[in-house]
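Asker: Pasting a structure here, questions to come.
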Amino acid sequence: MRQSLRPAPRDRRRNPRFKLAHEAEKFFPGRYPATEASSSGGLFMDIVSREVRSRMMAGIRGSDTLPEMKVRKLLHRQGFRYRLHQRNLPGKPDVVLPRYRVCILVHGCFWHRHPGCRYATIPKTREDFWQTKFDQNVKRDTRNRDELLRSGWRVIELWECGIRGPEAGMNWLLETIPDCTHKYVSWPNFSDLLVAS
Ligand SMILES: [Zn+2]
């Protein structure tokens, strides 16, 4: 991103998208080429190329990823009411159902390292770089999840590969949300590490 195209520092602080831009730079330093649209907007999302934008959506916790929308639609249609990205909770959980004291976390398999999943690959180049990123993500996820559980929230972790399947495959969710015996569920679960109480 060219320096001259950035909004003035004061504006950037006020711009809610700045945080995203800032995070994106951390993940992919210097890899955000400006496009023709850059002179018109000034908002970060407007000045990155489509390719970069899709990587941002995939890699950095955006607020409206497709898998998340699918989950939200399913829940809403079934009468569940929820809050999104509640800031005062650890890790700003994607979907929060206060009535059931349930947090739903929607995770991309690649970035959040879905155990045993075929999508949790490691790129062949810059292996150390990726490994460090992955370790940080997993560590953060674990910390957030534990904090939520400790403060009495139940946690349902949904992985993108499962959400991509037929919607009927997620019907279990509708029963699990009101069922207090499930403190922590990770789905789909390819390992034997499931903790279900
Ligand atoms: Zn997966």
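Asker: I'd like the FRET efficiency for residue 128 and residue 191, computed as 1/(1 + (r/R0)^6) with the beta carbon distance as r and R0 of 25 Å, rounded to 0.05.
Answerer: About 0.55, to the nearest 0.05.
Asker: Here is a follow-up. So how far, in whole Å, is the C-alpha centre of the range 67-101 from the one of the range 136-191?
Answerer: That distance is 12 Å.
Asker: Sort the following peptides by mean Cβ neighbour count (other Cβ atoms within 10 Å, averaged over residues), highest first: 70-77, 120-127, 83-90.
Answerer: In descending order of packing, they fall as 70-77, 83-90, 120-127.
Each value in this text was obtained by applying a stated rule to the coordinates, not by laboratory testing. For clarity, every value in this text was computed on a predicted model and none was experimentally measured. Here Cβ is always computed from backbone atoms with ideal geometry, including for glycine, and neighbour counts include all displayed protein chains.
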